[in-house]
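Chemist: Structure provided below as structure tokens; questions to follow.
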Amino acid sequence: MSRLIVSNIETQNIKFDSDTTAFTIGSDGVTSGVGANSMVKLLDVSDISSAATYAINNTYINSTYDRYLVQAFFKPVTDGVTLYQRLYISASQDNGALTQGSVAPNSWEYAQIGGSNTSGGDNTAAGATMHFTTIGNGAGEGIHWQCDYYANNEKTNTIHWHGASSHHATNGAHVGSVTSGASGTPGSLYQYSLVGIDWYFSSGNISTGRIKLYGIK
């Protein structure tokens, strides 16, 4: 088998034999067009520390993608706390920074995997709980989770989300949870778009953490 080894190729378009452009490579490495990747990593932060909240604004979350996937780990400063998230929505995708959007009331539920423990809320609070039982802050503890946010461009549905998490409670026991929710009532908020998300603990700062954000077309 023969090989072609080239140290550097400068091109923007990859084409078929028929001279039809298959996809285009942007200066940031993101592809677009026919045959392009449908899932793109937009953010990768590995050094979160001493933060009261961690927020992603509409620099990353906007009308470019229909769905967004977050994968993260947070360790709290304070032992025995709860992780919350807030959704920021706007009737306009060009609304600027996260704080210029409105915080959406959440309808949400969560449940312990392998157990009968469930809870939730119905448009009663801005912050939605991401897991069952509180999180420990000892060695090897903290919470790992991922969450999928979708229906961002439909305008005929509210913003929906669902996810799962894994953490150790204050007594060291492992806890697995599933969670889901939506941005308020369909009658009032279905025409809005997601322009940001932030996360925070019920007490104290995020000690250490890391987070990745993916856009999915």
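The values are calculated or read from the model by the stated rules, or taken from the named source; none is laboratory data. These numbers come from a predicted model, not from an experiment. Methodologically, a virtual Cβ is constructed for each residue, glycine included, from the backbone with ideal geometry; neighbour enumeration extends over all protein chains shown.
Chemist: Return a yes/no flag: does region 58-78 have any residue that is part of a strand (DSSP E or B) and more than 19 Å from TRP161 (Cβ to Cβ).
Modeler: Yes.
Chemist: I'm told THR59 meets every condition in (1) modelled with pLDDT of 90 or more; (2) surrounded by 15 or more Cβ atoms within 10 Å (Cβ to Cβ) except one. Can you identify the failing condition by its number?
Modeler: If we test THR59 against (1) modelled with pLDDT of 90 or more; (2) surrounded by 15 or more Cβ atoms within 10 Å (Cβ to Cβ), just (2) comes out false.
Chemist: Take the residues of region 134-165 that are more than 16 Å from the chain's Cα centre (by Cα) and among the small types (Gly, Ala, Ser): which is nearest to GLY80 (Cα to Cα)?
Modeler: Checked region 134-165; the qualifying residue nearest to GLY80 (Cα to Cα) is GLY136.
Chemist: Consider only pairs whose beta carbons are under 8 Å apart and that are at least six residues apart or on different chains; among these, list those whose first residue lies in region 162-173 and is within 20 Å of ILE197 (Cβ to Cβ) and whose second residue is part of a loop (DSSP other than H, G, I, E, B) and at pLDDT 90 or above.
Modeler: HIS167/GLY136; HIS167/GLU141; HIS167/GLY142
Chemist: Can you pull out the residues in region 177-217 that are closer than 13 Å to TYR84 by Cα and modelled with pLDDT of 90 or more?
Modeler: Hits for region 177-217 are ILE197, ASP198, TRP199, TYR200, PHE201, SER202, SER203, GLY204, ASN205, ILE206.
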